[in-house]
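The values are calculated or read from the model by the stated rules, or taken from the named source; none is laboratory data. A quick note: this is a predicted structure, and the numbers were derived from the prediction, not measured. Cβ sites come from the backbone with ideal geometry, for glycine too, and all protein chains shown count toward neighbours. These accessible areas exclude ligands, DNA and RNA; they are computed on the full protein's heavy atoms, side chains included. Shrake-Rupley method; radii C 1.70, N 1.55, O 1.52, S 1.80 Å.
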Amino acid sequence: MSEPSYRVGVILVLIAGLLWSMMGLFIRLIETAGTWQILLYRSLGLVPVLFTVIALRAGRAPFGRIRRAGWTGVAGGVALVLAFSGAIFAIQSTSVANAVFLFAASPLLTAVLAWPLLREPVRGATWIAIMIAGVGMFLMVREGLALGAGWGNGAALVSALGFAIFTITLRRGRNGDMLPAVVIGGVLSILTAVGVLTLNGEPIEVPVRDMAIAGLMGALILGGGMAAYTAGSRAVPAAELTLLSMVEVMLAPVWVFVFLAEKTSFNTLVGGAVLLAAILFNAFSGMRHRPPPPLA
């Protein structure tokens, strides 16, 4: 599989963030299903779509492609269980803005992990952008922290850590197709959700409307975003991946405000502007310092 150029990689990661930004809106539209039920049906929508993509790429050997992901793929899949479940619980437990802005901790965690684990240098401009993003995150979440949304905030940080670990596994396996890691994560999410629901004595069945919304969320929003993100990860350094995908953080509060009138505070808007500045600064500085592609 050929590696995309840096510019194409950036575009793919931004598309992923755009798709994921609609996740909070879809979760808000669900009426009765809880965290583990949403995780179950969303994963049931995700896995067939991505398995089909892998099958189209691999011809008649999709399971062989998944096996070749190896323990790196399994580690990425486990990390996604944390990222998926933490994000759902956080959005259900606090405002969409507060939850997604805490997800902004992911690039900070990714950079810290990538340096020792991957020996992947972090550009000076990326460190500056991460610090700017941290300022924006502080401005946006301090009100939520003061209001005592402890469990939701904690779940959002767990999700950020899971996504950072997944990003590290993507970069470690960038010479191979890491989309199978997302399928592994989807399958593990299904097993985890069924296990938790069974242990807690909670019903697996949910209203058809909730089931349809969760399935659509998995098939289109999460599946499409993950396909774009894993493709982009082959060309974009780990510390930049999650920072670029924070376009999700910018747009998620917009969708719930437009469609559900869920308001966002002034501090959230200011912090969002700071985050946008960090994203643009990092993206343009990275493109400017990349060498031009070789002539054919």
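What full-extension length gain, to one decimal in nm, is calculated for residue 267 and residue 31 as 0.36 nm per residue of separation minus the Cα-Cα distance?
82.1 nm
Which entry in [x] 14.9; [y] 12.8; [z] 15.6 is this structure's computed mean projected area of the Cα convex hull in nm²?
So the structure-derived entry is [z].
Restricting to DSSP H runs of at least four residues, report the calculated mean residue ellipticity at 222 nm for the chain, -39500 (n - 2.57) per run over all residues, nearest 500 deg cm²/dmol.
Using -39500 (n - 2.57) per qualifying helix, the result is -25500 deg cm²/dmol.
Would you tell me the accessible area of residue 262, worked out with a 1.4 angstrom probe on the heavy atoms of the protein chains, in Å² to the nearest 10?
About 40 Å², rounded to the nearest 10.
Consider a paramagnetic label point 7 Å from the Cα of residue 220 along Cα→Cβ; state which residues of the stretch 253-269 have an amide N under 17 Å from it.
255-256, 259-260
Provide the per residue accessible area, probe 1.4 Å, for the chain, rounded to a whole number of square angstrom.
In whole numbers, the chain has 44 Å² accessible per residue.
Can you work out the PRE-style zone for residue 142? Point 7 Å along Cα to Cβ, and I want the residues of the stretch 86-111 with backbone N under 17 Å.
98, 101-102
Note down the net charge around residue 23, summing +1 for each Lys or Arg and -1 for each Asp or Glu among other residues with Cβ under 10 Å from its Cβ.
+1
When the chain is fully extended, how far beyond the present Cα-Cα distance does residue 204 get from residue 3, taking 0.36 nm per residue of separation?
68.3 nm
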